[in-house]
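A short worksheet on the structure shown next.
All of the numbers you see were taken from the coordinates with simple rules; none came from a lab. All values reported here derive from a predicted model rather than from experimental measurement. Neighbour counts run over all protein chains shown; Cβ positions are idealised from the backbone, glycine included.
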Amino acid sequence: MKKDSKIYVAGHTGLVGSAVVRKLQAEGYASVVTRTRKELDLLDTKAVDHFFSIEKPEYVIDAAARVGGIKANMTFPAEFLYENLQIQNNLIWSAHKHEAKKFLFLGSSCIYPRSALQPMKEEYFLDGKLEPTNEGYALAKISGMKLCEKINTEYKKDFISCMPTNIYGPHDNFSEESSHVIPALIQRLHKAKLAGDAEVVIWGSGISRREFLYVDDLAEAIVWLMENYDQKEFLNIGTGEDVSIKELATLIKGIVGYEGKLVFDTTKPDGMPKKLLDVSKLTALGWQSKTKLENGLKQSYAWFLEYGQKQK
Ligand SMILES: NC(=O)c1ccc[n+]([C@@H]2O[C@H](COP(=O)([O-])OP(=O)(O)OC[C@H]3O[C@@H](n4cnc5c(N)ncnc54)[C@H](OP(=O)(O)O)[C@@H]3O)[C@@H](O)[C@H]2O)c1
C-alpha cells in the first residue's frame, strides 16, 4: 500500500473499524474513505455496487458486520446469518468487480468447531460441528472467508482473511442487550459501585478461560497484514494467552473500584471450558500483540466513563 492509496474501511464507526482508521491515519495513509450507514446501507446491493463504481477504492478493509454477544445471537439468529451474508457478499463482490487490489475480511473464532482442540490451529477449520448458539453468525463468516479464498485462487487477487479472537477496547458496545463479556462486566461493576451493591452475580462458575485482544493491537495487525500478507490461507490473530472469567472479573473489579463481592452462579452455563487461538503462524511471520490485559482494561474503562455510559 502506498501512503496515498485509496483505502476504504467499511464499518468505521465500530469497535474494530474506528481503531483501523486511527491506525491508518497515524501511519500517514492520507486517502482513507468511509461511509456511515446512513450514507451507504451495506445491505443494499445496488448502492454498494454504485459506491464502488464511483469511488474505486484500491484497498478494502471489511470491519462491517452485525456483531453481538450470546444473547443477541440467540435472539436474532436469522438476522445474524442474513445480514452478515448480505453485507459481506456486497462488499467482496463489488470490490472484485471494480478491481480493488486487495481485500481483507474479518472472520471470528466462532468459525472453529465447538469441540476443537485447544489452542485452536488454523487447520482445525471445518473439522467438526459449530457451536449452536452462534451458528448463523459463524456460517456467514465461513462463507465470507471461503469467498475471499476462492477469488484469491480463481482470479489471483489478494483477497485475504484473518481470524481475530475476542476484541475489547475504546468504542466497544456497552449496551445491556448485546454487549460482549468485558464491556458487560465493566458496565455492571461500575453500576454496582455507584449503587453501593453488596454483591454482583456473574453467570457460570468463572472457571472457563477466554482470550482477549486489545483493539489497537488488532488494528496494528490488520494494517500489517495489508502491507505484508497476500496468501489465501487465513491467519489467527490473538495474544496466545487466556484468562479465567473469575480472573478477568477480579481484574475489572479492581480497575472499576467496586468493593462488593463477586458471586458466581454455577447453575448457569459456562460455555466452552477454554477458547484460545494458536497464533504461532502469525508470530513466525513477524507480528505479536503488545498490550497487557490490565492496561487495555484501564483504557476501556476510561473510554466507558467518558462516552460508553451514553450508549443505550
Ligand atoms: N468484537 C469482537 O470481539 C470481534 C472478534 C472477532 C472478530 N470481529 C469482527 O470484526 C468486525 C467488526 O466488529 P466490531 O466488534 O467492530 O463490530 P461493531 O462495533 O458492531 O461495528 C460494526 C460496524 O458495521 C457497521 N454496519 C453494520 N451493519 C451495517 C449496514 N447494514 N450498513 C452499514 N454499516 C453497517 C456498523 O455501523 P453502525 O455504527 O451504523 O451500526 C459498525 O460501523 C466484524 O466482522 C466482527 O465479526 C469482532
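Shown here: segment 154-258, whose C-alpha atoms stretch 60, 26, 22 Å along the first, second and third principal axes, sorted largest to smallest. Taking the Cα centre of segment 30-185 as reference, the dipole from Cβ charges on Lys and Arg (+1) and Asp and Glu (-1) amounts to some 260 debye.
Take the alpha carbon atoms of segment 93-137, find their center, do the same for segment 194-223, and report the distance between the two centers in whole angstrom. The distance from the Cα centre of segment 93-137 to that of segment 194-223 comes to 22 Å. Label separation (D265 vs A30): 5.6 nm, computed from points 7 Å beyond Cα along the C-beta direction. In terms of its alpha-carbon gyration tensor, the chain comes out prolate; a/c meets the 1.5 threshold, and the first ratio a/b outweighs b/c.
For segment 178-192, backbone phi angles converted through the Karplus equation (6.51, -1.76, 1.60; θ = phi - 60°) give residue-by-residue couplings of 10, 7, 7, 4, 5, x, 5, 5, 4, 5, 5, 6, 5, 4, 5 Hz, Gly and Pro being listed as x. Under 5 Å from the amide H of M120 lie the amide H atoms of L276, L277, D278, each residue being 5 or more positions distant or on a separate chain, with H modelled from the backbone and absent for Pro and chain starts.
If the chain linking K156 and M272 were pulled fully straight, counting 0.36 nm for each residue of separation and taking away their Cα-Cα distance, it would gain 38.0 nm.
Distance from the C-alpha centroid of segment 74-91 to that of segment 246-312: 27 Å, rounded to the whole angstrom.
Would you work out if segment 94-159 is rounded, prolate or oblate? Take a ≥ b ≥ c from the square roots of the eigenvalues of the alpha-carbon gyration tensor; rounded if a/c is under 1.5, else prolate when a/b is larger than b/c, oblate otherwise. Prolate, because a/c is 1.5 or more and a/b exceeds b/c.
Against the main long axis of the alpha-carbon atoms of the chain, helix 215-228 sits at an angle near 20°. Positive end of the dipole of segment 54-208, charges at C-beta (+1 Lys, Arg; -1 Asp, Glu), about the Cα centre: which of T133, V60, F76 has its Cα farthest in that direction? With unit charges placed on the Cβ atoms, the residue in question is V60. For segment 231-312, the percent of C-alpha pairs falling in each 5 Å distance bin, counted from 0 to the bin holding the largest distance, reads 3, 11, 15, 16, 17, 17, 11, 6, 2, 0, 0.
Ranked highest first by the average count of other Cβ atoms within 10 Å around their residues, in what order do 80-87, 43-50 fall? The partial results should precede the final answer.
Values: 80-87: 19.8, 43-50: 14.5.
Packing proxy ranking, top to bottom: 80-87, 43-50.
What does the C-alpha gyration tensor say about the overall shape of segment 1-40? Classify as rounded when a/c is under 1.5, otherwise prolate if a/b is larger than b/c, or oblate.
Details: a/c = 3.04, a/b = 1.52, b/c = 2.00.
Oblate is the answer for segment 1-40, as a/c is 1.5 or above yet b/c matches or exceeds a/b.
Over all directions, how big on average is the projection of the convex hull of the alpha-carbon atoms in segment 63-202, in square nanometres?
Details: hull surface 40.9 nm².
The Cα convex hull of segment 63-202, projected and averaged over all directions, gives 10.2 nm².
Tell me the relative contact order for segment 197-299 as a rounded percent, counting alpha carbon contacts under 8 Å between residues six or more apart. Before the final figure, lay out the partial values.
Numbers: 134 pairs, mean separation 50.9, N = 103.
Relative contact order, segment 197-299: 49 percent.
Placing one equal scatterer on every Cα of segment 58-135 and applying the Debye formula, the log10 ratio I(q)/I(0) at q = 0.12, 0.18 Å⁻¹ is -0.44, -0.87. Principal axis analysis of the Cα atoms in segment 1-98 yields extents of 43, 29, 21 Å, listed in decreasing size.
Here the Karplus curve 6.51 cos²θ - 1.76 cosθ + 1.60, taken at θ = phi - 60°, turns the phi angles of segment 84-96 into couplings of 5, 4, 5, 4, 6, 4, 4, 5, 5, 6, 5, 4, 5 Hz, with x standing for Gly and Pro.
Show me the ranking of peptides 222-229, 161-168, 149-156 by mean Cβ neighbours inside 10 Å, starting with the highest. Please report the intermediate quantities before stating the final value.
Working: 222-229: 18.0, 161-168: 21.9, 149-156: 13.6.
Ranked from most to least packed, the peptides come out as 161-168, 222-229, 149-156.
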